Amino acid sequence: MNPITPEKNKLGFIGVGYMGQPIARRLLESGFKLTAYDRDRSKAQELIRYGGAVAESVAELSSSCHVVLSCLPTDEAVLNIYRGPDGAFANAHRGSVVIDMSTVYPETSQTISRLGSERGVEVLDVTISGSTPAAEQGQLTLFGGGEQRCFDAAESIFRAIARKWFYLGPSGSGATMKLVVNSLLGIGMQAIAEAVALGEKAGLDRSRLLDVLSQTAVVAPAQVGKLQRAMIGDYSPQFPLRLMNKDFGLILNLAAAVGARMPAAVTAFEVNARQLDQGNEQDFSAVILQMEEQAHLGSSDKGRTRVRAASTKK
């Protein structure tokens, strides 16, 4: 398969939300010609200032591009975009390439790969690790599934948006790896939330606790920024709580399907869901607030509760 290049290949991008927007912008800045489609037309129009074009429909976009990328929030959205007479596959040229970057169940990736094959379209599931700032800086990590020759041909796209990219295996492998990674992401944030609540309940100053914790070796680089934002009460979404909640559902479905036990993930899912029930659009790090609430740490007593050492009479 010939390499995909800015000089020879026109890109289409479906879904320009939290992650799709900065990824599409990076591709435009790297010299690719790109047309965008989003149900919210205003999101697609934001790319015009960077040299992008806007399609009126999925059919229009897929019929005019060599490579279609998608970054969508749910399995249902992915399937709806690609299936049917008005979908991407029905209107794509034979020999074109689809790169779906959505976090979905592996079986969904396998389904669109099969549907693409029936239309003569190559399909890759190339999932994303990294939040909005990483996407803006071209510092994402990518996990690929599908035919390796096709994955290798898309290197110029990956180079524009990521610092690392890995081929994992056949269709669905990229989606599976993303769920593995996000299980660590979600459980790790839950562990941090519990540790923060413990420290506050034991009397540590909240700001100092978060600052010191962010400088320890046990906190991953991706979580450092979350702690720094929590210090100033900033839980605006970089990776929305609702998407982490959706991913926990996919993770636990996969675990059930393959017979893997994930008790920590079950608990983290429950806490995530409880915070989501409050109805605000927040970052997934807002589970810190939930654990503070469960520890009865109100604004008046955060960092002030003291632990008395229990004396034991013998």
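The values are calculated or read from the model by the stated rules, or taken from the named source; none is laboratory data. If you're wondering where the values come from, they're calculated on a predicted model, not measured in any experiment. Ligands, DNA and RNA are excluded from the accessible area calculation, which covers all protein heavy atoms including side chains. Shrake-Rupley method; radii C 1.70, N 1.55, O 1.52, S 1.80 Å.
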> For the chain, what is the mean residue ellipticity at 222 nm derived from helices alone (per DSSP H run of n ≥ 4: -39500 (n - 2.57); sum divided by total residues; nearest 500 deg cm²/dmol)?
Replying inline: -14500 deg cm²/dmol
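Going from the alpha-carbon gyration tensor of segment 149-270, what semi-axes, largest first and in whole Å, does one get by taking the root of 5 times each eigenvalue?
For segment 149-270, the ellipsoid semi-axes come out as 31, 20, 12 Å.
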>> Assuming 0.36 nm per residue, please report the length gained on full extension of the stretch Ala256 to Glu136 beyond their Cα-Cα distance.
In response: 39.7 nm
>> Once you order the gyration tensor axes a ≥ b ≥ c over the Cα atoms, which shape class does segment 1-100 get: rounded for a/c under 1.5, otherwise prolate or oblate by comparing a/b with b/c?
In response: oblate
> Beyond 14 Å, what share of the Cα-Cα pairs of segment 60-111 remains, rounded to the nearest whole percent?
Replying inline: 49
> Quick one: accessible area per residue over the chain, 1.4 Å probe, rounded to a whole number of Å²?
Replying inline: 48
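Under the 0.36 nm per residue contour assumption, what length would be gained going from the current alpha-carbon distance of Ser63 and Arg39 to full extension?
6.9 nm
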> Which of the following values of Cα extents along the principal axes in Å was calculated from the structure shown: (1) 80, 55, 33; (2) 61, 46, 42; (3) 81, 45, 33?
Replying inline: (3)
> If contacts are Cα pairs under 8 angstrom and at least 6 residues apart, what is the relative contact order of segment 124-179 in percent?
Replying inline: 43
> What's the carbon and sulfur percent of the chain's accessible surface, probe 1.4 angstrom, rounded to a whole number?
Replying inline: 51
>> Let me check I have the definition right: for segment 137-207, take the eigenvalues of the Cα gyration tensor, multiply each by 5, take square roots. What are those semi-axes in whole Å, largest first?
In response: 38, 15, 5
>> Can you tell me, using C-alpha contacts under 8 Å and at least 6 residues apart, the relative contact order of segment 47-89 as a whole percent?
In response: 38
> With contacts defined as alpha carbon pairs under 8 Å and 6 or more residues apart, what's the relative contact order of the chain in percent?
Replying inline: 14
